[in-house]
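Just below is one structure, and these are the notes that go with it.
The values are calculated or read from the model by the stated rules, or taken from the named source; none is laboratory data. On a predicted model such as this, the values are computed, not experimentally measured, just so you know. Neighbour counts run over all protein chains shown; Cβ positions are idealised from the backbone, glycine included.
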Amino acid sequence: MTAPLPFATAPAPHVVAPSSVGRVMRQVLYALVPTVALHVVFFGPGLLIQIVLGVVTALAAEAAALRLRGKPLPPFLLDGSAIITAVLLALCLPPLAPWWLVVSGVAFAILLAKHLFGGLGANPFNPAMVGYAIWTGSFAKQRSGSRSNSGAASLRSRNKKGRSRGLWPGGAHTSALGFSLAHVGAPLRVGSSSRGLDEKTFGG
């Protein structure tokens, strides 16, 4: 019998030149720039702080995981995949959500959803969405920015005072358009209450 022919294989991701992982990740980041810019215009610069915290956490977690796995740092730290995870998670949060929320979510996404399964290309789930799922299951109240169920009166009171515990204690939490920065659904919930929707909201 003839010996079987060798068949070389390589782990994912399988990229065909001239594209590369870094190039694709940069294209995604470029595509997110208009979204981030509009978010800052409408809701203030809180998102930029969340992105900075998330990127720093993502790179630190990525470096720690790579070192524990005995992998080289530069190729994986510079491919942009960890940065995209941080930006996507920051976009899922209220601009003035607690700082520890973005840090914990990004750390879970990088360490558990990505490197626990073997790193980039081997993870079966999107790391950013795993971090979001952990937020939803464990910190739903903090993620949504909701502080109470008292409805429109409480929301207007918080906006008027301009003070509630958010990313940093104190400070105005209302955007130039009048939206609450501590609550994702504020524009839709201004006319809501614990008993139902305010009829005036819909012209009733």
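How do the helices (runs of 4 or more DSSP H) wholly within region 43-104 filter down when requiring 3 or more residues that are out of contact with any strand residue (DSSP E or B) (no Cβ under 9 Å at 6 or more places or on another chain) and more than 13 Å from G119 (Cα to Cα): which remain? If you could, list the steps in order and put the result at the bottom.
Values: elements: 46-69, 73-77, 81-91.
Because the criterion is at least 3 residues that are out of contact with any strand residue (DSSP E or B) (no Cβ under 9 Å at 6 or more places or on another chain) and more than 13 Å from G119 (Cα to Cα), the helices (runs of 4 or more DSSP H) in region 43-104 that meet it are 46-69, 81-91.
So which pairs qualify, if the first residue must be in region 114-127 and of a type in the set (D, E, K, R), the second must be surrounded by fewer than 14 Cβ atoms within 10 Å (Cβ to Cβ), the Cβ gap must be under 6 Å, and the two must be at least 6 apart or on different chains? So the pair list comes out empty. When you check T57 against the structure, is it of a type in the set (S, T, N, Q), modelled with pLDDT of 90 or more and over 16 Å from V21 (Cβ atoms), yes or no? For T57, the condition - of a type in the set (S, T, N, Q), modelled with pLDDT of 90 or more and over 16 Å from V21 (Cβ atoms) - is met. Filter region 69-111 down to the residues that are closer than 12 Å to I49 by Cα and of a type in the set (V, I, T), then identify the one that is surrounded by the fewest Cβ atoms within 10 Å (Cβ to Cβ). The extreme case among them is V103.
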